[in-house]
Amino acid sequence: MPSIVRFAPSPTGFIHVGNARTALFNWLFALRDGGRFLLRFDDTDAKRSRSDLAAAIAADLAWLGIAPAAIYRQSDRLALYAAAAGRLEAAGRLYACYETAEELEARRQSQRRRGLPPVYDRAGLRLTAARRADLEAEGRRPHWRFLLGSPEAAHASGEIAWDDLFRGRQAIDLGSLSDPVLVREDGTFPYTMPSVADDIDMGTTHVIRGEDHVTNTAVQIELFRALGAAEPAFGHHNLLVNAEGEGLSKRMGSQSVASYREAGFEPMAVASLAVLIGTSEAVEPAPDLETLARRFTPSKVSRAPARFDDAELAAVNARLLQVLPWEAVAPRLAALGVGGGEAFWNAVRKNCTVLADARLWWDVVSATVAPVTEMPREDAAFVAGAADALPPEPWDGATWSNWIASLKEASGRSGRRLFMPLRLALTGRDHGPELAALLPFIGRSSTLARLAGYRPR
Ligand code: GLU
C-alpha cells in the first residue's frame, strides 16, 4: 500500500530549514513508494495563525520541489474535531475540569515539594454533578481532559510502545503523563486531538516529525485507539541546530527557507544539506529530489542534533553549480543579464557560490574597471608597457599564454610578479577565474583601455 504522509506546520511564522527538513523527509519517504504527501495547516490557534503565512509556507515548499497532493486547513475542519470529542465523551474518555491555570500551578508545586511527579491528579473525574453545577454557577467553564489508560484505573499506568522509523523501539510510561486537555474553556482545540482526528480521516500511514513530539505520540496512540482506529507508524527525527549549536526558531526568522531563496541558493543545495547532514551519507549535492530520495534512510539519521551551517551550505551550493547542466542555467543567466554563452559560464562557474555571482564576473569583463590605486610604481610601468605585446584579434583561449610568454621574455618577470599586476589591472581584484578564459570576453580594446590606466602621467 503506498504511504500517505503529511507535513503539518502551524502558519505562525516562516518555515526554517529545520521545518523544511521535516517536510523533505516526508516528501522523500512518499516518493519512494509512490505515496501521497498532504500539506495540513495546523491553524486551530486563530490568534496566531495567518493565511499569508500559510501561503508563504506553500510557496517555500514549492520552491523546494514539494507538490502536495492536497492542502487542508484545520480551521475548516472543526466539526470533525467536535464529533471526535463527542465520541470520546460518550466512551467515558473525556471529562470536565474546572481548575484555573493558577490552581493547577499551585498543585504542581505542592506535588514537587512532596517529591511527586507533577501529574494531574484527576480531580475533575471525581466531581459530582452537584459540585459541577456549583462551579458553573460561580461562572467557571470547563476544559476537557482525555483519560489516559483504562477509565477504571485511578491513575494511568502501563507503557505505550512503538517502533520508531528513526529511533527504533520507544516506550513511554503513561503514569508519567497528565491527562491532556483536548478542549479548552473557550471550546477551541489544542493541537493534540485534531491531529489524530485528521490523521484518521486522511488515512495517514506514517507520521514523520521532529523528536520534540515523542511524548505527544504516547498520548496520540491512545487517542487513535480510543477513537477506534489503528495508529499509523511514527518516526521522530533529530532536530537541527545552527553553526553555534542553538536551536532554530520560527519566530526569530533565522535560517528561514525564504532567506536562503532570497540569498540565491539552489533549492537542491538546501534540500541536500538539510536531508544529508547528520546521516551516514556523504553530504554531496543531489541534482533532484528523486536522487535524494534514494540516499535517504530514516534509520541512518543520527540521534544527536544535526548542525546546519550556512558556510557548509555555501560550499554545497558551489559544488552543485559545477554539475548543473547548461540548459538549466542558460535562461537564468540570461535573466541576470549575463552574456557570453556557455563558454563564459564555464569560465566563471568555479568562482561562483551562487548563480548570481556570474553577474559579478560578467560586469568585470563587460563594464569599466577602475585602476587600482595602490599598485607599486614598478608594477604599474610593467602593466602599461604590456599593451605593446598584446596580440592582435581574433582572440581565443591561447591569447593569454602567448601574451604572457612574450611579456615574460621581455620583462624577466615570472610567476606571481608576472601575472598578478595584470590580473589586478584587468579585473580590479586579486583573485578570480582563469585570465586565459576571461581575456577573450574582455576583448582587445577594453584590455588596452584598462592597461592605459597605468600609464605614468
Ligand atoms: N503542528 C505540529 C508542529 O508544527 C505538527 C506536528 C505533527 O506533525 O504532528 O509541530
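Under 5 Å between amide H atoms, partner at least 5 residues away or on a different chain: which partners does Gly453 have, H built in plane at 1.01 Å?
For Gly453, whose amide H was placed from the backbone, there are no distant partners under 5 Å.
Going highest first, how would you order 141-147, 265-271 by mean Cβ packing within 10 Å? List each step's numbers first, then the result.
Numbers: 141-147: 19.6, 265-271: 23.1.
Top to bottom by mean Cβ count within 10 Å: 265-271, 141-147.
Where both partners of a DSSP beta bridge lie in the chain, what percent of those bridges are antiparallel, to the nearest 5?
50 percent
Points 7 angstrom from Cα along the Cβ direction at Ala330 and Thr192: gap in nanometres?
5.9 nm
Sum -39500 (n - 2.57) across every DSSP H segment of at least 4 residues in the chain, then divide by the residue count to get the 222 nm mean residue ellipticity, nearest 500.
Values: 19 runs with 207 residues, N = 457.
Using -39500 (n - 2.57) per qualifying helix, the result is -13500 deg cm²/dmol.
Take the Cα of Arg50, step 7 Å along the line toward its Cβ, and report every residue of region 1-40 whose backbone nitrogen sits under 18 Å from that point.
Within reach of a label on Arg50: 9-17.
So what is Rg over Rh here for region 166-306, counting just Cα atoms and using Kirkwood for Rh?
Details: Rg = 17.9 Å, Rh = 17.6 Å.
With Rg and the Kirkwood Rh in hand, the quotient comes to 1.02.
Just to verify a number: FRET efficiency for Ala59 and Arg429, C-beta to C-beta distance, R0 = 45 Å, to 0.05?
Numbers: r = 36 Å, r/R0 = 0.80.
Between Ala59 and Arg429 the formula returns 0.80.
Give me the percent relative contact order of region 167-257, please, defined on Cα pairs under 8 angstrom at least 6 residues apart.
Numbers: 68 pairs, mean separation 23.4, N = 91.
Computed over region 167-257, the figure is 26 percent.
If neighbour count is taken as other Cβ atoms inside 10 Å, put His213, His16 in order from fewest to most.
On the way: His213 15, His16 26.
So the residues, fewest neighbours to most, are His213, His16.
According to the square roots a ≥ b ≥ c of the eigenvalues of the Cα gyration tensor, what is the shape class of region 266-322, taking rounded for a/c under 1.5, prolate for a/b larger than b/c otherwise, and oblate for the remainder? Spell out each step's value before the answer.
Values: a/c = 2.43, a/b = 1.27, b/c = 1.92.
Oblate shape, in that a/c is at least 1.5 and b/c is the bigger or equal ratio.
Would you list Tyr191, Tyr120 from fewest to most Cβ contacts within 10 Å? Provide the component values of the computation, followed by the final result.
Numbers: Tyr191 16, Tyr120 22.
In increasing order of surrounding Cβ atoms, one gets Tyr191, Tyr120.
With θ set to phi - 60°, apply the Karplus curve 6.51 cos²θ - 1.76 cosθ + 1.60 along region 311-322 and write out the HN-Hα couplings as whole Hz, x wherever there is a Gly or Pro.
Once θ is set to phi - 60°, the couplings for region 311-322 become 5, 5, 4, 4, 5, 5, 5, 4, 5, 5, 4, 5 Hz.
Which order results if Asp52, Asp179 are arranged by neighbouring Cβ count within 10 Å, fewest first?
Numbers: Asp52 8, Asp179 26.
Lowest to highest Cβ neighbour count: Asp52, Asp179.
Given the Cα-Cα distance of Glu284 and Arg141 and 0.36 nm per residue of separation, how much length would full extension add, in nm?
Numbers: separation 143, 0.36 × 143 = 51.48 nm, distance 5.65 nm.
Extending this stretch completely gives an extra 45.8 nm.
Around Ala370, with a cut-off of 13 angstrom between Cβ atoms, what is the net charge of the other residues, counting Lys and Arg +1 and Asp and Glu -1?
On the way: positive: Arg429, Arg450; negative: Asp363, Glu374.
It works out to a net charge of 0.
Quick one: 3J(HN,Hα) in Hz for region 339-356, Karplus 6.51/-1.76/1.60 with θ = phi - 60°, rounded, Gly and Pro as x.
Coupling constants for region 339-356: x, x, x, 5, 4, 5, 4, 5, 5, 10, 4, 5, 9, 10, 8, 10, 4, 5 Hz.
What is the set of long-range amide H partners of Gly210 at a cut-off below 5 Å, with H atoms built 1.01 Å from backbone N?
His237
Once you keep just the Cα pairs under 8 angstrom separated by 6 or more residues, what percentage relative contact order results for the chain?
On the way: 674 pairs, mean separation 64.2, N = 457.
Contact order relative to length: 14 percent.
Using each residue's phi in region 2-8, evaluate 6.51 cos²θ - 1.76 cosθ + 1.60 at θ = phi - 60° and report the 3J(HN,Hα) Karplus result to the nearest Hz, with x for Gly and Pro.
My calculation for region 2-8 gives x, 6, 10, 10, 9, 10, 10 Hz in order.
FYI, it's all coordinate maths here, none of it is from the lab. None of these values were measured; they are calculated from a predicted model. Cβ atoms come from the backbone with ideal geometry, glycine included; neighbour counts cover every protein chain shown.
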